[in-house]
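The values are calculated or read from the model by the stated rules, or taken from the named source; none is laboratory data. The structure displayed is predicted, hence computed values, not measured ones. Neighbour counts are summed over all protein chains in view; Cβ atoms, including those assigned to glycine, are modelled from backbone coordinates with ideal geometry. The accessibility values were calculated without ligands, DNA or RNA, using every heavy atom of the protein model including side chains. Shrake-Rupley method; radii C 1.70, N 1.55, O 1.52, S 1.80 Å.
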Amino acid sequence: MSNNTVELAASDLNQHGGVFCPNPAAHMDLWNSHPKVYLDVAKTGEAKCPYCGTAYKLRAGEQVAHGH
């Protein structure tokens, strides 16, 4: 399990308010990581990968556009 936390700008989120893990922002090699999973960051401002434990969270002060 990872203890990494990846801080994201609102612009890093996809149109649904999330990110995928493994993610290049977390310095992961996609070819040797776990299956790709969608993590909804916009809902609470953070999400944790169930496979590797990497946490993704919005940077302080970042605002997600309405509709996410």
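Here are the numbers for the structure shown:
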| read-out | value |
| --- | --- |
| Heavy-atom surface of the chain, accessible at 1.4 Å and reported per residue (Å²) | 67 Å² |
| Unit charges on C-beta of K, R, D, E only; dipole of the chain, Debye | 120 debye |
| Shape of the chain, Cα gyration tensor, a/c cut at 1.5 | prolate |
| Calculated from backbone phi, Karplus (6.51, -1.76, 1.60) coupling profile of region 40-45 in Hz, x at Gly/Pro | 7, 8, 5, 4, 10, x |
| Under 5 Å, built H, 5+ apart or other chain: amide partners of Leu8 | Lys57, Leu58, Arg59 |
| Under-5 Å amide H pairs with Val37, H placed in peptide plane, nonlocal only | Cys21 |
| Heavy atoms of Thr5 accessible to a 1.4 Å probe, total area in Å² rounded to 10 | 80 Å² |
| Residue-count net charge about Ala9 - beta-carbon cut-off 15 Å; Lys, Arg +1, Asp, Glu -1 | -2 |
